[in-house]
Amino acid sequence: MTEAFDDATRLAALVAAKEVSPVELVEAACRRIEQVDPQLGAVPVRFFEEAIERAGRARPGPAFAGIPFLMKDVGARQKGQPYYAGNQALRDADHRAAEETPLGARFRAVGLVTVGNSSTPEFGLQSNTWPVAYGPTRNPWDRERAAGGSSGGACAAVAAGLVPVAHASDGAGSIRIPAAWCGLVGLKPTRDRIVWRHAGENRSDVEFIVARSLRDTAAFLDHLSVDARAGGGPASVSAVLGLDPPPLRIGIWCDAPEGVALDPDCYEAVQAVARRLAEQGHHVAEQAPASLAQSFERAVHGGVLGITSYSECIDDLEERLGRSVSEADVEPFLWELSRLSVDVTPAQCEEALRWYQGWVERTLRWFEEFDLLLTPSVFEPAPLLRELDPTRLTPYELLDRMAPHMAFTEPWNATGQPAITLPLAWTAEGLPVGVQLVADRGREELLFRVAATLMEPAPTPDTPRPPIHA
């Protein structure tokens, strides 16, 4: 017998034991989406008939054979499936993915059955999910609040029990921000531990999944890692979940950006975890890389590098549509910011890149003395949707409102380090509060060993569930 809040690990075991069929799982997920998603707006693109047919052809063997799944509507792709990137012009053209990207293929190889695409802000460029093409994705803990972005549709769907896991991506916090606001486990793996794009692309974003359970997150890291794809067999992250970590040196960083007040619930969540870690025998201190204090310089140089990404989205859209793109083809947010790139010179980009490389080296040196850094995931719990309304705010007002959301997450995209948000606290109003742990490159195993001392690896009857759920 299954229920909506079983995780993928349990469902896969039931399929392997022939206690439930892939078709039954996929049909149940499709029913949940039809019944619950009108309240959320998390799954605007659906292909149920194809998914049920594919589930009927599922064969034993793959680790997650027959498990229902959602692809994020931007990033990794599966050939022939809709790919709109939250953009109205691509939606109107019913654009389909012409190729299978490495991660899209890997999702199929491990047995996942894609039932639809989760919502994302246009081209995944915002910390909240409100594409004009579809409207807002609502938080299942409070429908008046944001689900986060850019993996907001994925996180809302998983939190509400529509599917057990979903594809997600993270360029500045796009896994961890919505996971924190929706009460999920959200891992940004070490850069290039998961190969999601074709060779030759050099970016700070990564792609992975979001899940409700720690053990699902570990299992997918095992099966999607480069080592597993190369035929060397799964890595051993899942095996360490039951192993207590040795005494560690753990720093704490709670410095919100200038002019931003850290929410008391977010601060207390970090302090409560710090006390638990100290009680476990770890050395915990208010210490962090000195380079993190260079927020203004990082914003200036990062802005130079980031501006070009907006124009790249316009170029990508023109390639997919096969024509020139006008202001009418994209949202005001993307159009206005893409125009800024015309004033950026190659020399400015080179200077910004050199500064950033030095900043990364200084930041990583701190992790030679400390094992982990403990931070809030976001400076505030999920805000009200109206505070991030792209139909009401100008592009620059929206950018100013969103930028602080990435303060605790974006640095680790720049350094390429693994970082995980854990659902370890709730506000008096019942909103999830995420707490983030950061480790040195390649040390996901340490993150999971510590995380397993802070929360149960598998769902339990006491695991909180949002009021809107399947």
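The values are calculated or read from the model by the stated rules, or taken from the named source; none is laboratory data. It should be emphasised that the depicted structure is a prediction, and the values quoted were computed from it without experimental measurement. Because the Cβ atoms are built from the backbone with ideal geometry, glycine has one as well, and the counts that use them run over all protein chains shown.
Scanning segment 89-111 for residues that are assigned to a loop (DSSP other than H, G, I, E, B), surrounded by fewer than 24 Cβ atoms within 10 Å (Cβ to Cβ), touching a Lys or Arg at 6+ places or on another chain (Cβ under 6 Å) and touching a residue at least 60 places away in the same chain (Cβ under 8 Å) turns up at least one hit. Each residue in segment 381-406 was checked for being closer than 20 Å to Ala288 by Cβ and surrounded by 22 or more Cβ atoms within 10 Å (Cβ to Cβ), and 1 pass.
Which residue out of Ala269, Ala328, Ala347 is within 24 Å of the chain's Cα centre (by Cα), at pLDDT 90 or above and either within 19 Å of Leu398 (Cα to Cα) or small (Gly, Ala, Ser) (or both)? Quick ask: steps written out before the conclusion?
On the way: Ala328 fails: within 24 Å of the chain's Cα centre (by Cα); Ala347 fails: within 24 Å of the chain's Cα centre (by Cα).
Only one candidate passes the filter, namely Ala269.
I need the full set of residues from segment 395-416 which are in a helix (DSSP H, G or I) and either small (Gly, Ala, Ser) or more than 17 Å from Thr375 (Cα to Cα) (or both), in order please.
First, the residues of segment 395-416 that are in a helix (DSSP H, G or I): 395-406, 410-415.
Listed by number, the residues that qualify are Pro395, Tyr396, Glu397, Leu398, Leu399, Asp400, Arg401, Met402, Ala403, Ala414.
When Tyr356 is tested against (1) surrounded by 16 or more Cβ atoms within 10 Å (Cβ to Cβ); (2) out of contact with any His (no Cβ under 7 Å at 6 or more places or on another chain); (3) part of a helix (DSSP H, G or I), just one condition goes unmet, and that condition is (2). Considered as a group, the residues in segment 416-453 that are of a type in the set (A, V, I, L, M) and farther than 25 Å from Ser225 by Cα include one that is surrounded by the fewest Cβ atoms within 10 Å (Cβ to Cβ), and that residue is Ala428. Remark: pairs (first residue in segment 1-20, part of a loop (DSSP other than H, G, I, E, B); second residue of a type in the set (Gly, Ala, Ser) and modelled with pLDDT of 95 or more; Cβ separation under 6 Å; 6+ apart in sequence or on different chains) = Ala4/Gly161; Phe5/Gly161; Asp7/Ser213.
For segment 41-61, a residue qualifies if it is in contact with a Leu (Cβ under 8 Å, 6 or more places away or on another chain) and within 27 Å of Gly149 (Cβ to Cβ), and the qualifying residues are Ala42, Val43.
Please enumerate the residues belonging to segment 1-21 that are touching a Ser or Thr at 6+ places or on another chain (Cβ under 9 Å) and surrounded by 14 or more Cβ atoms within 10 Å (Cβ to Cβ).
Kept after step one, since they are touching a Ser or Thr at 6+ places or on another chain (Cβ under 9 Å), are these residues of segment 1-21: 5, 7-11, 14-15, 19-20.
Answer for segment 1-21, where residues must be touching a Ser or Thr at 6+ places or on another chain (Cβ under 9 Å) and surrounded by 14 or more Cβ atoms within 10 Å (Cβ to Cβ): Phe5, Asp7, Ala8, Thr9, Arg10, Leu11, Leu14, Val15, Val20.
Tell me whether segment 276-283 contains one or more residues that are under 17 Å from Val438 (Cβ atoms), exposed (fewer than 13 other Cβ atoms within 10 Å of the Cβ) and aliphatic (A, V, I, L, M). The answer is no; no qualifying residue exists. Flag set for Gly116, criterion: among the small types (Gly, Ala, Ser) and over 16 Å from Leu184 (Cα atoms). When you check Ser324 against the structure, is it part of a loop (DSSP other than H, G, I, E, B) and either among the polar types (S, T, N, Q) or surrounded by 11 or more Cβ atoms within 10 Å (Cβ to Cβ) (or both), yes or no? Spelling it out, Ser324 is indeed part of a loop (DSSP other than H, G, I, E, B) and either among the polar types (S, T, N, Q) or surrounded by 11 or more Cβ atoms within 10 Å (Cβ to Cβ) (or both). Residues in segment 38-53 that are farther than 15 Å from Trp130 by Cα and either in a loop (DSSP other than H, G, I, E, B) or in contact (Cβ under 8 Å) with a residue 60 or more places away in the chain (or both): Arg46, Phe47, Phe48, Ala51.
Among the listed residues Leu340, Leu321, identify the single one that is more than 19 Å from Tyr396 (Cα to Cα) and over 26 Å from the mean Cα position of the chain (by Cα). Spell out the reasoning first.
Values: Leu340 fails: more than 19 Å from Tyr396 (Cα to Cα).
Of the residues listed, the single one that is more than 19 Å from Tyr396 (Cα to Cα) and over 26 Å from the mean Cα position of the chain (by Cα) is Leu321.
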